[in-house]
Structures are given as structure tokens and as C-alpha cells.
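Working notes for the structure below.
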Amino acid sequence: TKAQTLFLPGFIGVCITAAILILLGRQLVFDTGGLLNYLNVVSLFNAFRIFSMEWVLRQRHIAMRRVEVMQEKIEGILRTLMPPMVIEEIKRTATFVSHNYRSATIAQSDLVGFTTLASSREPMEVVRIISDLFDKFDDLADQYHIYKVETVGDAYIAGQADNPLTSCNQPLLVVLFGIQMTMVTRTWSSQRGENISCRVGVHTGECVGGMVGESMQRYHLFGDLMRRLEILEATAPTGQVQVSRACKQAVETQIQRHPQEVADVMEHVIFQSRAEQVLTSSKGEIHDYSEVGGPTYLARPAPKK
């Protein structure tokens, strides 16, 4: 092992010094000069032994610190791939895990205009732009206690549910998170002189979460919720947040049953029913409201009093 390897030089030194002591002991004549020589060798032996022990301890400390740093890096990577509570469950069970979430509220965003921009810019600049915006979304996710599920291209998917996805499950926070994504993108675009905006879909419903893959594992969400969420995002007006009826009802239920949670947030939202006969995506695809569970609503921040 590495500890044995570190100990070997010190052990060899001790053996050599001990052999010298034995030879000197046999040849020792009991006079002052011989005794002083003997004591000097003993002193050197002790000094070398202490040095060897110190060297071994220092090398062991360095090795252990390197292991700790590597472990911290691995933990950091895992936290970006899976919810923290899922990681702890995997540590306890050492098996693949899956969960059924009875009530999850998930938001999915799309950067409108990004595809056109990407086709006219250098690859490095495209990556820089998407990284800059997603960094801002990550900050919002932390602010609203949102778990970032994944990014697919320029789509950002995040939300809340019961344990172990998140410790907090407040639909209002997810809607506010979606609104803030559109506002942050609008501000960023204005400051940079770019023509990029953000549209968001938010839905509440049941889904399944679990680890996928063996070589590149990640925690994904599955179910009808994700299909409806994609439609809500694709048919949301540019720069706005479209929520399903189920999401609106979940927010209203939270406000009625947990008024203190809403008071703590210090932000409110209003819903406006969409008047169009059908939902139309940016690509011209037509969807009926029944595909997303009924009427949909545009969520906006409530005016401050």
C-alpha cells in the first residue's frame, strides 16, 4: 500500500543504523573516546529515526489531503448530476434508485432567437453566451430553492417536488422562478445588444424520477408531465410564462393552505387566461388545450402595492 511504501525508507535507515551500533558495540573499548563515539552514533540514530518518522507522517498527511480534495471534487460533480438527498440514499443502499412523485412542479425554458444567433457566431462565443445565461439561471435556482434537472441544448429544465428531489415543494416558487428567467434574459439581452428572449412553460403533476445509464449516470424525470411541459413551453408567447391549469390550481392551493409561505416569499403572481382557440408553437404546430390538461394561463408578477 501507499503507507507501506512511505514507511520503507525509514525502516531501511533504522536497520542500517542498528547494524552499525552492533558492530561498534562489539569493538567498543571502555575508554572515554570509545564511549563518546558510541554516544554520538546513538544520537545520530535517534535523530535519523525521528526524521524518518516525521517524513513518513508528512507524506501520509499529504497523501490523505490529496484523497480528501479528490473526494470533494467527486462530491461536487455528483451534486450537479443528482439531487443531494438522492446521493445520500445511494450511499446508504449502494443500488440504483427510483422515485414516484405525486406532485411535482417543473419549469422548462427556451431561448428564443438563440438558434439564429448561434448560426452566425463563432463556436466559442456561442458557448460563452449560453454559459453566461445559464449561470444566471443557476443563481435563480439557488435563490428559489429549485433543483436543476438538466439542460438540453438551450432548454433549461428545473423544478421542485417531494423528497428526495427537493426539500421544499412550493409551486409558487417555481412560477416565480420562471418569471425571473424571462426578466433576467430580457435584461441581459438589452445590456448586450442581442436579440434573445426567453419563454417558459410550467406544469404540475405526477412523474417518475430515477438514475439512467451505467457509465454516465444522471437523475432524470419521466412521465406525462414532461410531455405536457414541452407543449406548454413550445406554445408560450415569447418572453412570457405559460402555466397549466393544474399548476395554477396548485399555486392557489398553496396560497390558501399555507399563507405564511406566501408571505415569506414577498412576491406574488397573477394569472391571465389565454383567449386563443388553440395553442400554436413557434414552428406552427397546433395543439389542443386538452393535451395539457385544460385551459392555460400566462403568469405575470403582481404589481407592487
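The values are calculated or read from the model by the stated rules, or taken from the named source; none is laboratory data. None of these values were measured; they are calculated from a predicted model. These area figures cover heavy atoms from the full protein model, side chains too; ligands, DNA and RNA do not enter into them. Shrake-Rupley method; radii C 1.70, N 1.55, O 1.52, S 1.80 Å.
Structure values in brief
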{"read-out": "Share of carbon and sulfur in the accessible heavy-atom surface of the range 153-207 [1.4 Å probe, %]", "value": "40 percent"}
{"read-out": "DSSP beta bridges in the range 151-302 [antiparallel fraction, %, rounded to 5]", "value": "85 percent"}
{"read-out": "With DNA, RNA and ligands ignored, accessible area of residue 258 (1.4 Å probe; Å², nearest 10)", "value": "90 Å²"}
{"read-out": "Residues of the range 197-289: accessible area per residue with a 1.4 Å probe, Å²", "value": "53 Å²"}
{"read-out": "Solvent exposure ordering (accessible area, 1.4 Å, most first) of 154, 288", "value": "288, 154"}
{"read-out": "The range 91-134 pair-distance distribution - Cα-Cα, 5 Å bins, rounded %", "value": "5, 14, 17, 12, 8, 8, 12, 14, 8, 2"}
{"read-out": "Under Karplus coefficients 6.51, -1.76 and 1.60, residue-wise ³J(HN,Hα) of the range 271-286 in Hz, glycine/proline x", "value": "10, 10, 5, 7, 9, 5, 6, 9, 9, 10, 7, 5, 8, x, 6, 9"}
{"read-out": "Translational D in µm²/s for the range 148-252 (Stokes-Einstein at 25 °C, 0.890 mPa s, Kirkwood Rh from C-alpha pairs)", "value": "166 µm²/s"}
